[in-house]
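Enquirer: I'd like to ask you about the structure that follows.
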Ligand SMILES: [Zn+2]
């Protein structure tokens, strides 16, 4: 297996640095419009900056697919109250419509 070592400061290294920072900022999808707008802006920016590294567009698209999938899962499982079926904010402790306790995933 031919291993490729990315030398600090080379174009791939720079791309991974930026990609890593980007993923950290947008890892948890939010329902807010600003989240998606700013995320798409960052993707275009990163794509432009690193278009010489063809891997970057696949990483960016892969990440977009991922957060889309996660946010859909949230819509179904977390954003809809299982008791009353209404839209709720998973950050609340109780459903504002029926008072059902909201169990938080993870934290
Ligand atoms: Zn409810």
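The values are calculated or read from the model by the stated rules, or taken from the named source; none is laboratory data. The structure displayed is predicted, hence computed values, not measured ones. Methodologically, a virtual Cβ is constructed for each residue, glycine included, from the backbone with ideal geometry; neighbour enumeration extends over all protein chains shown.
Enquirer: Consider the stretch 1-21. How many of its residues are under 30 Å from residue 91 (Cβ atoms) and without any contact (Cβ under 8 Å) to a residue 24 or more places away in the chain?
Expert: Selection size over the stretch 1-21: 2.
Enquirer: May I ask you to verify whether residue 80 is in contact with a strand residue (DSSP E or B) (Cβ under 7 Å, 6 or more places away or on another chain), within 29 Å of residue 103 (Cα to Cα) and surrounded by 12 or more Cβ atoms within 10 Å (Cβ to Cβ)?
Expert: Yes, satisfied.
Enquirer: Given (1) under 13 Å from residue 63 (Cα atoms); (2) not assigned by TED's automatic domain parsing to the domain that holds residue 69, identify the lone condition not met by residue 23.
Expert: Single failed check for residue 23: (2).
Enquirer: Let me ask you something else. Just wondering, is there one or more residues in the stretch 90-101 that are modelled with pLDDT under 90, within 16 Å of the ligand (Cβ to nearest atom) and in contact with a helix residue (DSSP H, G or I) (Cβ under 9 Å, 6 or more places away or on another chain)?
Expert: yes
Enquirer: Further, regarding this structure: Taking the stretch 22-61, which residues are farther than 27 Å from residue 89 by Cα, without any contact (Cβ under 8 Å) to a residue 40 or more places away in the chain and surrounded by fewer than 16 Cβ atoms within 10 Å (Cβ to Cβ)?
Expert: 44, 45, 47, 48, 49, 51, 54, 57, 58, 61
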